[in-house]
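Below is one structure, written out as structure tokens, with a few remarks after it.
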């Protein structure tokens, strides 16, 4: 491995470790709240996306979360069997089913969201800190897109060499 490759790999490993720590921290914060409604943090995120999307489908959810479609399908089946969401077939295309929240799903999301409803004075972060956090997340997203594009391009080049 050359120095540049090692540098890229080290950055990716450090980033992965940081994201694992962030995910654990978010789960520790969210789990007691979501568990009181019979949900995991991921399930509550899915319900929030269903609530705020126009005509959501399993496909739109898996693309939004960038998860495997089979995993997302299983999670949606669980949410449906637990009574949080319902599926409705499209009138235009019977192959397509749309997701919506049931009353139970609406109540759970309303309850979870109410825990995080604060006035400006009660908010954990100032407006400036919130804007800084939003900007940092935007930079991370753009950086990951660039890395993914360059990695895919590099992988294609390596594949052509092997052919």
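The values are calculated or read from the model by the stated rules, or taken from the named source; none is laboratory data. Please read these numbers as outputs of a predicted model, since none were measured by experiment. So basically every Cβ, Gly included, is an ideal-geometry build from the backbone, and we count neighbours across all protein chains shown.
Each residue in region 35-59 was checked for being modelled with pLDDT of 90 or more and at positive phi, and 1 of them qualify. Within region 86-97, residues that are more than 15 Å from residue 76 (Cβ to Cβ) sit with their Cβ atoms under 8 Å from residues that are modelled with pLDDT under 90, at 6+ positions apart or across chains, in these pairs: 90/96; 90/97.
Number of residues in region 82-133 that are out of contact with any helix residue (DSSP H, G or I) (no Cβ under 6 Å at 6 or more places or on another chain) and not in a strand (DSSP E or B): the value is 36.
Can you pull out every residue in region 60-81 that is assigned to a helix (DSSP H, G or I), loosely packed, with under 13 Cβ neighbours inside 10 Å and modelled with pLDDT under 95? Please lay out each step first, then the result.
Pass one, region 60-81, residues assigned to a helix (DSSP H, G or I): 60-65, 69-81.
Still in the running and loosely packed, with under 13 Cβ neighbours inside 10 Å: 63, 69-71, 74, 81.
Within region 60-81, 63, 69, 70, 71, 74 meet the criteria.
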